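The values are calculated or read from the model by the stated rules, or taken from the named source; none is laboratory data. Quick caveat: nothing in here was measured; it's all calculated off a predicted structure. Positions of Cβ are backbone-derived with ideal geometry, glycine not excepted, and every protein chain shown enters the neighbour counts.
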Amino acid sequence: MKFRLCTLSLTLLLAAACNNSNTPATPAPANLSALTATTPAVPTITSPVTAEGFIQNWLVLDPIAIEGVGDHTEEVEKPMFAKEYFKGQLTLIPRDNQKVTANGKEVTWHKVKVDADQIDLEQFCTDHNTDPTSCIFYGFTYVIAEADMKVKLAVGSDDSSLWWLNGEEVIRDYASRGVTADDDLSKDVTLKKGLNILRFAVIQGDGPTGACARFFDASDKPVTGIKVSADTP
Ligand SMILES: [Ca+2]
C-alpha cells in the first residue's frame, strides 16, 4: 500500500511538473462537485395529495419531439430515455416559466395543478400550443414528509415512463397503454423527513398521453399525510 501511495504521489508530482505553471489547478472530480451541490430549500407553498394519495401539483416541461417512436419496447426506447436532451436533465430544480434549450429548441417548464388523479399531458399540450405526438415529457414535484417512511411508488403512464425518487431510478416500464393507476409499483423506497424530489419522463407515441403517481405505505394503504409542491422557493 505504501509503495502504491508513493507511486501515486510521484505520478502527481510528475504531472504537476509537466504542467504549465500558469495552468489552474485540475478541477475537482465530478463526484466531489455533486457533494457540494446546493441543496434545494423547502418550498413554503405546499398542497396536500388527494384523499387517495394522488399527486396533483407538478412542473412539466413542454414536450421534446423525438424521432423513431413507434414500438414502445426497451430496444427502441432505452436510448430515448438515456439521451440527454437538456442540461441538468436529472439535477435541475425547475421553476414555473423557466426556459431550457432541448435539442436546440427552447422549451418551458409550466406549473400544472390537475383536478383529477392524473396529469392529462394531451390537455397540457393544448393549453400551451404544443404537439403531443412522438415526444418525451419531463415532470418534477417536491414531496415533503413529516418523518422518514418506507413506501412504494405506484404510477400509471401513457405511454412508457421512467421515474426517479431523490435521484434514484425507481420505476421504468416500456408500454403502449392508457393511464391506469398503480400499473407499476416500485420496490420499497424511503421518503425522507423533509424534502424529497420526484421526477418522471414519459415517452408518448400518439393519441392520449398522461401520468399519475401516489405512494403506498408499508400496510399498502395510500400515503395521504404528505405535502407536495411545484413552487420552487
Ligand atoms: Ca399515447
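Below are the figures for this structure:
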quantity	calculated
Residues of the stretch 66-113 satisfying the condition of being more than 21 Å from residue 160 (Cβ to Cβ) and of a type in the set (Ser, Thr, Tyr)	91, 101, 108
Selection from the stretch 69-121 of residues that are under 23 Å from residue 182 (Cα atoms) and surrounded by 16 or more Cβ atoms within 10 Å (Cβ to Cβ)	72, 77, 81, 112, 114, 117, 118, 119, 120, 121
Among (1) under 24 Å from residue 156 (Cβ atoms); (2) free of Cβ contacts under 8 Å to residues at least 60 places away in the same chain - the single one residue 81 does not satisfy	(2)
Test: residue in the stretch 157-166 that is surrounded by fewer than 17 Cβ atoms within 10 Å (Cβ to Cβ), in contact with a Lys or Arg (Cβ under 9 Å, 6 or more places away or on another chain) and farther than 26 Å from residue 41 by Cα	no
Output for the stretch 131-151, where each listed residue is more than 20 Å from residue 196 (Cβ to Cβ) and buried (at least 16 other Cβ atoms within 10 Å of the Cβ)	132, 134, 135, 136, 137
Residue in the stretch 122-129 that is in contact with a Gly (Cβ under 9 Å, 6 or more places away or on another chain), over 20 Å from residue 47 (Cβ atoms), at pLDDT 95 or above and in the same structural domain as residue 70 (by TED's automatic domain parsing) present	yes
Strands (runs of 3 or more DSSP E) (entirely within the stretch 115-233) containing at least 1 residues that are free of Cβ contacts under 8 Å to residues at least 12 places away in the same chain and away from the ligand (no atom under 16 Å from the Cβ)	168-173
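Residues checked against (1) in the same structural domain as residue 61 (by TED's automatic domain parsing); (2) closer than 21 Å to residue 114 by Cβ; (3) crowded, with 17+ Cβ neighbours inside 10 Å:
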site	(1), (2), (3)
177	yes, yes, no
189	yes, no, yes
203	yes, yes, yes
218	yes, no, no
